[in-house]
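Have a look at the structure below before the remarks.
Every number here is computed from the coordinates shown, using simple stated rules; none is lab data. Quantities reported herein were computed from a predicted structural model and do not represent experimental measurements. Note that we place each Cβ from the backbone using ideal geometry, even for glycine, and neighbour counts take in every protein chain shown.
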Amino acid sequence: MSFQNILIEIEKEIGLITNDGKVADYIPELARINPESFAVSIITVDGKDFSLGNNLDFFSLQSITKVFSLTMAYSILGEKLWSRVGVEPSGSAFNSLVQLEYENGIPRNPFINAGALVICDILFDIYNNPEKELLDFTKRISGNSNIDFNLKVAESEKATSYTNKALINLMKSFGNINNDIDNILDLYYKMCSIEMSSYDLANTFLLYANHGVLKSEGERILSVSKTKRINSIMQTCGFYDESGEFAFKVGLPGKSGVGGGIVAVHPNKYSVAVWSPKLNSKGNSLLGMKALELLTTKIEESIF
C-alpha cells in the first residue's frame, strides 16, 4: 500500500473522531487560527512526498523549533552542552518551576521551556547575532527562504509569558544563565513564532531521518552520533509528560508544539508532519497524535 492511500484512510478515520481539544488560547494570537485545519505531509529519504489537507498553510511551530536551536548549540559545543541541561524526561509539565528549583536550576532536558531558555542563552554565548543565525539556519535546513518569525505571535507570547520569566530568573539565581534575561526571552519568543507548512516541516526534519546530512545539499550538518542523540531526546522528551504515551502508541522520535504541529522521523526512511490546532490536556495535538498512531499501525513498523 502506498503512503498516499494510507493518508486517505487516515483522513477518513480521523473524520470519525470527536475532536474535543482546545486551541492554545493562552497565547492570544494562536487563538485566531482556524481550529478545524488539518494537514499531513510525508517525505521519504529518497525524495518522494505525500500530503493531504492544508499542507501548504503556514502555522506557528512553537516548541518544535527547540530542535533547531538544540542542533545549533550541540553541533558547536558537543558534549559540554550537557553540563548546562540534562537529557532526562521531565515527567511533569513543560513549565514546571518546582522541578527546576529542586534540581538547582539545571533543566531536565532541552525541550521543556527552561531547557530551551538555557539553549537560547548558549546561542548568545556563541553568536553575535543569534536571532539572525537561528533564522538563517532554519531557512537553510527547510529549503524555504520565505520562512520567517511571526512578530505578532512573538509579541502575544511575550505579553503573557509570566512563567517563562520566572523560570529564567530562577536559573539566573543558580548561575545557569550568562546573558541578559530580556534578550534571551526575546530570542525565545521569536524562535517559537517561526512559521512553516506541514510540507516544509517534514522537509526540514529529513535532516534527522537522514543521519544528519542535509538532503538538498548533501552536506553533513550533524555527525551520525549527534543526530542519534537528538533523535533519542525527541523519543524520550519530545512530548513533555506525554512522551511515554507517544513512544508507546507511535514508536517514532518526534516533537510537538502548541501551535498544533507534530513532526516525527523514521531514521533512514521518512519524516512526517501533522498539523491540527486543537490540543489535548497535555498540550499536544489531539488529532495529530491519533493520525501518527494510525500511520505506524497501518505501516506495521516503527523504530522498535
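For this structure, a couple of remarks:
- Applying a threshold of 24 Å to the alpha-carbon distances of K152/K278; K190/K278; K132/K152 flags no pair as lying beyond it.
- Evaluated at q = 0.16, 0.17, 0.28 Å⁻¹: base-10 log I(q)/I(0), Debye formula over Cα of the range 58-118: -0.50, -0.56, -1.21
- Panel values: the range 102-148, Kirkwood radius from alpha carbon pairs, Stokes-Einstein at 20 °C and 1.002 mPa s, translational diffusion coefficient 177 µm²/s.
- Cα-based shape type of the range 13-104, given that a ≥ b ≥ c are square roots of the gyration tensor eigenvalues and the cut on a/c is 1.5: oblate
- Over 28 Å (Cα to Cα) - which of K226/K269; K249/K269; K165/K249 fall in this group: K165/K249
- Solvent-free Debye scattering, log10 I(q)/I(0), computed from the Cα coordinates of the range 39-187 at q = 0.13 Å⁻¹: -0.65
- Here the extension length gained between F174 and I76 equals 32.9 nm, from 0.36 nm per residue of separation less the Cα-Cα distance.
- The range 254-294 and the range 1-77 have Cα centres separated by 6 Å.
- Neighbour counts of other Cβ atoms within 10 Å put L201, L56 in the fewest-to-most order L56, L201.
- Tilt relative to the chain, helix 66-77 - C-alpha long axis, 0 to 90 degrees, to 10: 60
- Projecting label points 7 angstrom from Cα along Cα→Cβ for D25 and E88 puts them 3.7 nm apart.
- When shorter helices are ignored and each DSSP H run of at least 4 residues is given -39500 (n - 2.57), the per-residue value for the chain at 222 nm works out to -13500 deg cm²/dmol.
- Approximating the spin labels as points 7 Å out from Cα along Cα→Cβ, the K48-to-I8 distance works out to 1.5 nm.
- Cleavage-rule hits (trypsin sites (Lys or Arg not before Pro)) in the range 1-100: DSSP loop, at most 15 neighbouring Cβ within 10 angstrom: K48
- Where a label projected 7 Å from the Cα of S281 along Cα→Cβ would reach, residues of the range 6-40 with amide N under 15 Å: 20-22
- DSSP-assigned coil residues among GluC sites (Glu not before Pro) in the range 182-270, each with at most 11 further Cβ atoms within 10 Å: E217
- Take every Cα pair under 8 Å whose residues are at least 6 apart in sequence, average their separation, divide by the length of the chain, and the relative contact order is 28 percent.
- Within the listed set K132, K215, K255, the residue fluctuating most in the Gaussian network model of the chain (springs between alpha-carbon atoms under 10 angstrom) is K132.
- Where only C-alpha atoms are counted, convex hull volume of the chain per residue in Å³: 114
- Extension gain for K249-K228 works out to 5.5 nm (0.36 nm per residue, less the C-alpha to C-alpha distance).
- 14 Å tail of the calculated P(r), the range 209-294, as % of Cα pairs: 62
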